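Data block below; observations after.
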Amino acid sequence: MRILSITAGAAGMYCGSCFRDNAMAAALMARGHDVTLLPVYTPTLVDEPNVSTPTVLFGGISIYLQQHSALFRKTPRFLDRLWDSPRVIKALSTGAAGSTDARLLGDLTISMLDGAGGILSKEFDKLVDWIRAEPLPDVINLPNSLLIAMAAPLREAFHRPVLCTLQGEELFLDGLTGGYRDRALAMIRSQVGNVDRFVAVSNFCASSMAERLEIPPARIDVVPLGISMDGYVRHQFTDDEFRIGYFARLAPEKGLHVLADAYVRLRRRLGNARVRLEAAGYMAPSQSSYLDSVSKILDDAGLAGEFNYRGAVDREGKLSFLGGLDVLSVPATYDEPKGMFLLEAMACGVPVVQPRRGAFTEVVDKTGGGLLVEPDDPQSLADGLYALWSDRERARQLGQKAFDGVRAHYGIQQSADKLVDVYEKLTN
């Protein structure tokens, strides 16, 4: 089968959606499918071999310039190639085009959803022309509903099924301000009919997005997240220092401050026991004050020496970090629809303690590899961490269930099986 899978780069940041799209494309290629993984906005950054094309369409610099000046909406393509170069995009993606300013993001989101009839019409034409110059795909997969405006021109040009993955864009949508959120939701809903099939990465994601985007549930297939198990080895538990870990992007919604509060409560209960709190993950420059606030929670409790932030880590660093933990917790303050960090920790045999919300519940229930606690409740989280600290045999048993369960239910091969089934139903 010939598959065109579009993926959205995240401006030099490790991104769970990019990881998922890249791993899925690699798994399908290994089965003999002809897969083109085409980045939009920026090149993708992943910690496994990157199978995406060197071409980047809807380059972040181009759409930024076109958003702000009508002149760039008419420039010839040979000039566009200068700022569509992946090297240029990488160099500038932390500047204006990588901005997180709510007004800019809102304007760009609306322009993307305006589609081929909007101010970015030149970019939609480039997309169609690029695909036309390649072998015609059997199916086309969009990476999220924010790019749903691609569906109509692609279906019209190529008469091939167009699918749209649902994998966490609701957090971005909810972050839009000044009326942009409601406008963007209305525009997405109006284009649901242009998509042949939606693919959600969890049961929670399917149900929540069906309601949010007014998608008939029968038009959504669930293809759970999957990860490659290469390099993940079983964590060896000891009765020595107990290491509590956080592995996710550093931002308030991911809940490191909740974990810090819970850690302080736990330490009051443990006396002089040897315990540490370790964190790793991407932090945007704008979030440095957030890290300071988390550190202050621990400093004020006299625990500054027990906390370490390791920054963003590559694959080797990730495997080393996760393999050194006794438990992982990312107490997100919103209903997370993915939770890839849970799968990565569980693949090392590390149990998790998570709030009972979003996709966390189904991952923990399906694998049996952790404990669920009350959402947004540092005391409940501290109690869950204490339960594993005080009963190391239980922690080992949950770690074994995590190790086995993630391989039974969340390997990339199982995900690829299900996605191929969805594609075949549309093409046969």
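The values are calculated or read from the model by the stated rules, or taken from the named source; none is laboratory data. The structure displayed is predicted, hence computed values, not measured ones. Because the Cβ atoms are built from the backbone with ideal geometry, glycine has one as well, and the counts that use them run over all protein chains shown.
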The residue from Ala206, Ala184 that alone is in a helix (DSSP H, G or I) and within 13 Å of Asn144 (Cβ to Cβ) is Ala184
Which one of the conditions (1) in a strand (DSSP E or B); (2) among the β-branched types (Val, Ile, Thr); (3) surrounded by fewer than 18 Cβ atoms within 10 Å (Cβ to Cβ) does Thr177 fail to meet, given that it meets all the rest? (1)
Determine whether segment 240-249 contains at least one residue that is at pLDDT 95 or above, out of contact with any Asp or Glu (no Cβ under 8 Å at 6 or more places or on another chain) and not basic (Lys, Arg). yes
Could you list all residues from segment 217-228 that are in contact with a strand residue (DSSP E or B) (Cβ under 6 Å, 6 or more places away or on another chain) and assigned to a loop (DSSP other than H, G, I, E, B)? Val223, Gly226
Any residue that is crowded, with 21+ Cβ neighbours inside 10 Å, of a type in the set (Val, Ile, Thr) and closer than 20 Å to Ser202 by Cβ - is there at least one of those in segment 135-145? no
Pairs, please: C-beta under 9 Å, at least 6 apart or cross-chain, first residue surrounded by fewer than 18 Cβ atoms within 10 Å (Cβ to Cβ) and in segment 1-13, second among the polar types (S, T, N, Q) and part of a strand (DSSP E or B)? Arg2/Thr36
Is it true that some residue in segment 385-404 is outside any helix (DSSP H, G or I), more than 26 Å from Asp21 (Cβ to Cβ) and either modelled with pLDDT of 95 or more or touching a helix residue (DSSP H, G or I) at 6+ places or on another chain (Cβ under 9 Å) (or both)? yes
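Specify the residue that is farthest from Val222 (Cα to Cα); the eligible residues are those in segment 396-410 that are crowded, with 21+ Cβ neighbours inside 10 Å and touching a residue at least 60 places away in the same chain (Cβ under 8 Å). Explain how you work it out, then say what you get.
First, pick out the residues of segment 396-410 that are crowded, with 21+ Cβ neighbours inside 10 Å: 398-399, 402-403, 405-406, 410.
Still in the running and touching a residue at least 60 places away in the same chain (Cβ under 8 Å): 399, 403, 406, 410.
Working: Gly399: 26, Phe403: 23, Val406: 17, Tyr410: 13 Å.
By that ranking, first place goes to Gly399.
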Would you call Lys401 within 24 Å of Val233 (Cβ to Cβ) and among the basic types (Lys, Arg)? yes
Given Ser415, Ser380, which one is of a type in the set (S, T, N, Q), assigned to a helix (DSSP H, G or I), in contact with an Asp or Glu (Cβ under 7 Å, 6 or more places away or on another chain) and surrounded by fewer than 24 Cβ atoms within 10 Å (Cβ to Cβ)? Ser380
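Return yes when Asp138 is touching a Ser or Thr at 6+ places or on another chain (Cβ under 7 Å), assigned by TED's automatic domain parsing to the domain that holds Ala23 and at pLDDT 95 or above and no when it is not.
On the way: touching a Ser or Thr at 6+ places or on another chain (Cβ under 7 Å): yes; assigned by TED's automatic domain parsing to the domain that holds Ala23: yes; at pLDDT 95 or above: yes.
Considered against the rule, which asks whether it is touching a Ser or Thr at 6+ places or on another chain (Cβ under 7 Å), assigned by TED's automatic domain parsing to the domain that holds Ala23 and at pLDDT 95 or above, Asp138 comes out as yes.
Is it true that Asn308 is assigned by TED's automatic domain parsing to the domain that holds Gly349 and part of a strand (DSSP E or B)? Before the answer, list the steps.
Values: assigned by TED's automatic domain parsing to the domain that holds Gly349: yes; part of a strand (DSSP E or B): yes.
Yes.
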Among (1) touching a helix residue (DSSP H, G or I) at 6+ places or on another chain (Cβ under 9 Å); (2) surrounded by fewer than 21 Cβ atoms within 10 Å (Cβ to Cβ); (3) under 30 Å from Pro285 (Cα atoms), which single condition is Met229 missing? (3)
